[in-house]
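Please read the structure below before turning to the comments.
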Amino acid sequence: MSEAVRKLEDIPGVGPATAQKLRAAGYFTVESVAVASSRELTEATNLSAEKAAEIASAAREMLEIKFQTAEELLRRRGEIARLSTGSKALDGLLGGGVESQAILELVGEFGTGKTQICHTLCATVQLPQNEGGLLGSAVYIDSEGTFRPERLSQIAEAHGLKTEEALRNVIVARAFNSDHQILITEKLDEIIPEKNVKLVIVDSVISHFRAEYLGRESLAERQQRLNNHLHRLLRMAEIYNIPVVVTNQVIASPDMFVGPTTKPAGGHIMAHLSTNRVFLRKGKRDIRIARMIDSPYLPEEECIFVINEYGIRDAQDEATKP
Ligand SMILES: Nc1ncnc2c1ncn2[C@@H]1O[C@H](COP(=O)(O)OP(=O)(O)OP(=O)(O)O)[C@@H](O)[C@H]1O
Ligand SMILES: [Mg+2]
């Protein structure tokens with residue numbers, strides 16, 4: 001997108017000094033300034049509230065954020081791209097693959113395959129469109145230290161990709177705490193256009209937030225920061241027309257006497273900002289069950305898939321290479 005590469009100095013009122021302050025605070029593009037609130041800008045840069053408001057509004061004007069007709073929206077939605085998970089059944093559950101301009105949330109207990117799906121997507125995103133890919137690279141924000149290049153290499157090879165090239169096309173950032181995770185996301189505005197990134201993964205999006213904000217009194221602050229973080233990810237998905245995939249944990253839901261005994265962590269914020277949520281659980285052996293929950297337009301259905309040496313596969317194709 002051409003508008004994605006305009007420089008900060010192009011914003012009216014932003015000279016070299018202000019641009020430098022913005023960059024130091026992690027704002028690299030017009031888009032990143034436009035989607036920030038003026039309060040965020042003030043806190044991050046020490047600019048006065050008036051100056052921050054002026055800059056944010058000038059940046060928004062440059063983006064021509066405007067009211068759109070339903071027809072225009074339909075055209076924009078027509079640009080939605082689909083990324084294959086490696087399983088036709090799971091793609092079907094998602095309405096034809098993981099969609100761009102949206103956040104897909106994978107939620108489930110340990111070992112249900114969230115990280116394995118993320119690894120597989122890092123391979124499939126590199127495939128050409130007619131093979132379910134987006135012919136691009138991936139960013140993997142790893143907050144739990146569970147990204148494994150060996151595993152990616154194994155899956156990439158199974159998909160007929162050259163392994164060294166496949167590994168070069170995945171940019172991994174280990175996030176050590178929630179501040180760091182947010183900072184990494186802010187840097188993405190620079191990396192996405194430059195490296196032809198067509199997929200952003202955050203695995204897991206919530207674990208640092210949950211670990212750092214304990215107790216009721218800090219819950220509001222945690223949710224506020226998580227909200228900003230997810231908003232930024234969603235705007236990125238929209239601006240660059242790419243899918244963003246985040247993983248989430250489950251928490252006990254003791255207030256439910258009937259129905260599920262676990263629910264996704266992150267409360268309303270998480271539920272609201274994920275476009276589609278897929279709930280994963282274990283079946284026998286390598287079988288996993290995925291259920292679509294809370295989608296605005298997809299039915300609440302279930303499907304099964306398997307995890308094996310090839311990554312994510314359909315149960316009936318288990319023994320065959322992709
Ligand atoms: N190379 C492989 N071949 C076959 N199965 C594998 C392979 N690597 C991992 N698995 C399977 O994937 C499962 C682990 O899934 P994964 O790590 O994606 O879980 P998760 O949902 O991310 O869990 P957590 O909440 O702990 O992060 C295990 O059951 C493991 O057997
Ligand atoms: Mg995991």
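Can you tell me which of T146, T85, T275 moves the most in a GNM of the chain? Springs connect C-alpha atoms under 10 Å apart. Checking each option, the largest mean-square fluctuation is seen for T146.
The charge dipole of the chain, taken about its Cα centre with unit charges on the Cβ atoms of Lys, Arg (+1), Asp and Glu (-1) only, comes to about 400 debye.
List the lysines whose alpha-carbon lies under 18 Å from that of K88, not counting same-chain residues fewer than 8 positions away? Straight-distance partners of K88: K114, K321. Of the residues A25, T120, M62, the one whose Cα sits farthest towards the positive end of the charge dipole of the stretch 22-140 is T120 (charges of +1 on Lys and Arg Cβ, -1 on Asp and Glu Cβ, taken about the Cα centre).
Using a/c under 1.5 as the rounded threshold, could you call the stretch 95-206 rounded, prolate or oblate? The axes a ≥ b ≥ c are square roots of the C-alpha gyration tensor eigenvalues, and prolate needs a/b larger than b/c, oblate otherwise. Each step should come with its number before you reach the end.
Values: a/c = 1.40, a/b = 1.24, b/c = 1.13.
Verdict is rounded for the stretch 95-206.
With charges only on Cβ, +1 for K and R and -1 for D and E, what is the dipole size of the stretch 219-322 about its Cα centre, in debye, rounded to 20?
The calculation lands at about 320 debye.
Listed by chain and number, the aspartates and glutamates placed with their C-alpha closer than 13 angstrom to that of K187 are E31, D179; residues fewer than eight positions away on the same chain are left out.
Of all stretches in the chain that contain no chymotrypsin sites (Phe, Trp or Tyr not before Pro) in a DSSP loop with at most 14 other Cβ atoms within 10 Å, the longest one is 177-256. Computed from point charges on the beta carbon alone (+1 for Lys and Arg, -1 for Asp and Glu), the dipole magnitude for the stretch 154-264 about its Cα centre is near 140 Debye.
Checking the a/c ratio against 1.5 first, then a/b against b/c, what shape does the Cα gyration tensor give for the chain? Prolate is the answer for the chain, as a/c is 1.5 or above and a/b outweighs b/c.
What number, rounded to the nearest 500 deg cm²/dmol, is the helix-based mean residue ellipticity at 222 nm of the chain, given -39500 (n - 2.57) per DSSP H run of at least four residues and division by all its residues? Please list the in-between numbers first.
Details: 13 runs with 129 residues, N = 322.
Mean residue ellipticity, 222 nm, calculated: -11500 deg cm²/dmol.
Between L167 and N308, the contour length at 0.36 nm per residue exceeds the Cα-Cα span by 48.8 nm.
What's the longest bit of the chain with no exposed trypsin sites (Lys or Arg not before Pro), using DSSP loop states and at most 16 other Cβ atoms within 10 Å as the test?
Working: sites that count: R6, K7, K66, K162, K195, K284, R285.
Between the exposed loop sites, the longest stretch runs 67-161.
The stretch between A252 and K187, if pulled fully straight at 0.36 nm per residue, gains 20.0 nm over its current Cα-Cα span.
Each of A70 and R285 was given a label point 7 Å from its Cα along the Cα-to-Cβ line. The distance between the two points is 5.0 nm. Under 8 Å for C-alpha pairs, at least 6 residues apart: give me the relative contact order for the chain, rounded to a whole percent. Normalised by residue count, the contact order of the chain is 21 percent.
None of the figures in this text is laboratory data; all of them are computed from the coordinates on show. Just so we're clear, the structure is a prediction, and the values are computed from it rather than from any experiment. Here Cβ is always computed from backbone atoms with ideal geometry, including for glycine, and neighbour counts include all displayed protein chains.
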